[in-house]
Each structure stands twice: as C-alpha cells, then as structure tokens.
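The values are calculated or read from the model by the stated rules, or taken from the named source; none is laboratory data. All of these numbers come straight from a predicted model, not from anything done at the bench. Neighbour counts run over all protein chains shown; Cβ positions are idealised from the backbone, glycine included.
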Amino acid sequence: MRLPSLHIDDSNAHLMVGDGRAVSWNERIYYLSCRQEYAQPALKAERLKLKDVGIQVIPPSKWEEYISAQEQAKASLADLFAKYPPLDQDGTNYCWVNAVTHCVEIARVRAGLKWIRLSPASVGGPITGYRNVGGWPDAACKYAAEHGFVPAHFWPENAISSRYDTPETRAERAKYKIETYWLDPESPEECATLLLLGFPLVAALNWWSHAVTYLGVAKREGEYVWLALNSWGADYGDNGRFTLEWRKGTPDDATAIYSPRIAVWR
C-alpha cells in the first residue's frame, strides 16, 4: 500500500493547529450545559472494553505480520474505502460528528452493505440545538445509536438547520440506526489491535482540538505510524488520507465500532 504523502509529526503539527478549521474544545461548553443527555460522562459506561467482547490485544511483535498480510490481500480499511470520497466539513465545527460518520460508513461497507453518504449535520444538529459548535464524538455515537443518520441526499451533509428535520427524514433516519456496540480502547496497543482486525476508530487529539478517523497502522521509514482520514475534503493529503507519527497521533480518547455482523479480518 502506498502511504499518503502528508505525514504529521512535531515538525509540522503547529501548522495543523493554525489551520483554523479545527474547533476549540471550549466551544463544547454550550451543548454540555444544554444537552446533558448526550454529554460525555453519560456515555462512558455504555462503551465496552475489548475483553468484554472477547478481543485479545495483538502484541506489537505481531503487528508487522498483520500489516503485511493486509497489504498482500488488499484487505485494509484504507484499501476498502479508497474509492469513496472523504467528507468535507467545509468550515463547520463538526469534526466530532464527521469522524463518527466516516466510521459508520466504513463499517457498513466492511459489513458488505452498499456505501451511502450519510449526513453529519443530521446527527450534530439535533445534539447542539442546530448551532455550529464543537462537541464530543461520544455524543454523536450515542445519538446515532438511538436515532440514526439521515442520508445526505435527504439532509445535506453540512446543513445545520432544523428545516430538514421532517417526518420524511425521521423515517429515513430510523433505517440507519447503528445496531452495534461502541468499544473503548484504553491504550495505543488496544487501538492498534482494533485497526489491525478491521474496525475503524474515532480518534480525538487534544493538541489539535480535532477528531479524525483512523484506518490502520502502517510502517513509515521503519517506524509505526497511524493511517488516518480527515474530514477536510479530497484536497487534504491524499484524498483526505494522511499519516501521523506514533506518539503525536496516539489518541487522547478513542471509540471504535464493533459489530458481530462485521467479519473480523484475521
């Protein structure tokens, strides 16, 4: 697999922070005070640990073997999702929903379902009271599980407006509930394990005040890196894809979709 040309490490990370498209965590205060039912603490207990679903951590000594097998079979999440366009949050502060949306779209394709572009705004809008503010990925996970996404051809992906909340879109939303578990990896090794087994990951990075989707683990110049997908459109990196230096990209918080219906790649 050819790695994306864009690689983020300590030498250029400050350029990402200064981009202006990532929202400050402080802007999350609005909905945490006004939408308590979707605040992060309320959701923490609902995320399962890897041991709860019988997933054993893959030791780092085995990672290269898994990566090599994925590359030979073209079975990585990056290969699987390569032909689909990345989301573009287009100046909205909804990275926290876009990262979750990417995960859901990827998991659907991983399960053999038809790819459908889902609308991040159909989840983020109701959570924030239709305000263009930041939020927590966990809140998007919980709302998607309870209410579902609306496909983007019914609700434009960046349309933060209640005018799209209609009986028709509510009926569509019900078709795209996430009937699955959300996993709570507690270490870089657990995050890597899930990616090597084919489960997409939402990664929140405090230094960036941003959330992205992780697609895999790879080696770059002899060192392990995170393979990621951003929500800033196809012009970012290589069709939205880039890599992060291991320490820089280790998530401050991570969530993964787990479903027994998704065949675990081994």
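Taking segment 97-124 as the range and being over 20 Å from ALA228 (Cβ atoms), in contact (Cβ under 8 Å) with a residue 12 or more places away in the chain and surrounded by fewer than 24 Cβ atoms within 10 Å (Cβ to Cβ) as the test, the residues that pass are ALA111, ILE116.
The set of residues in segment 56-84 being over 20 Å from the mean Cα position of the chain (by Cα), aliphatic (A, V, I, L, M) and surrounded by 14 or more Cβ atoms within 10 Å (Cβ to Cβ) consists of VAL57, ILE58, ILE67, ALA69. Restricting attention to segment 105-123, does a residue exist that is over 24 Å from ASN239 (Cβ atoms), modelled with pLDDT of 95 or more and not small (Gly, Ala, Ser)? No, the conditions are met nowhere in segment 105-123. When segment 52-70 is filtered for residues that are β-branched (Val, Ile, Thr) and within 15 Å of GLU189 (Cβ to Cβ), the ones remaining, listed by number, are ILE55, VAL57, ILE58, ILE67. Pairing each residue of segment 47-68 that is farther than 30 Å from ALA145 by Cβ with any residue that is at pLDDT 90 or above and among the aliphatic types (A, V, I, L, M), provided the two are 6+ apart or on different chains, yields C-beta distances under 8 Å for PRO60/ALA192; TRP63/ALA192; TRP63/LEU196; TRP63/VAL217; ILE67/LEU196; ILE67/VAL217; ILE67/ALA218. If you filter segment 188-198 down to residues that are under 17 Å from the mean Cα position of the chain (by Cα) and not aliphatic (A, V, I, L, M), you find that the one that is surrounded by the fewest Cβ atoms within 10 Å (Cβ to Cβ) is PRO188. Picking from residues in segment 158-182 that are within 13 Å of TYR258 (Cβ to Cβ) and out of contact with any Asp or Glu (no Cβ under 8 Å at 6 or more places or on another chain), the one that is modelled with the highest pLDDT is ILE178. Restricting attention to segment 162-186, which residues are touching a residue at least 40 places away in the same chain (Cβ under 8 Å) and not acidic (Asp, Glu)? Scanning segment 162-186 gives TYR164, THR169, ARG173, TYR176, ILE178, THR180, TYR181, TRP182, LEU183, PRO185.
Just name the residue that is farthest from CYS103 (Cα to Cα) out of those in segment 118-136 that are part of a helix (DSSP H, G or I) and β-branched (Val, Ile, Thr). Filtering segment 118-136 for residues that are part of a helix (DSSP H, G or I) and β-branched (Val, Ile, Thr), the one farthest from CYS103 (Cα to Cα) comes out as THR128. I'd like to check something: does segment 148-164 contain any residue that is part of a helix (DSSP H, G or I), among the charged types (D, E, K, R) and closer than 29 Å to ALA13 by Cα? No, segment 148-164 contains no residue that is part of a helix (DSSP H, G or I), among the charged types (D, E, K, R) and closer than 29 Å to ALA13 by Cα. Flag: ALA139 does not match the condition of being under 15 Å from the mean Cα position of the chain (by Cα), within 16 Å of LEU87 (Cβ to Cβ), at pLDDT below 95 and not in a loop (DSSP other than H, G, I, E, B).
Here's a check for you: in segment 74-102, which residue that is among the aliphatic types (A, V, I, L, M) and assigned to a loop (DSSP other than H, G, I, E, B) is modelled with the highest pLDDT? Here the residue is LEU87. Note on segment 142-178: among residues that are among the basic types (Lys, Arg) and surrounded by fewer than 21 Cβ atoms within 10 Å (Cβ to Cβ), the one that is farthest from the chain's Cα centre (by Cα) is ARG163. Looking at this structure, is ALA192 outside any helix (DSSP H, G or I) and modelled with pLDDT of 90 or more? It is false that ALA192 is outside any helix (DSSP H, G or I) and modelled with pLDDT of 90 or more.
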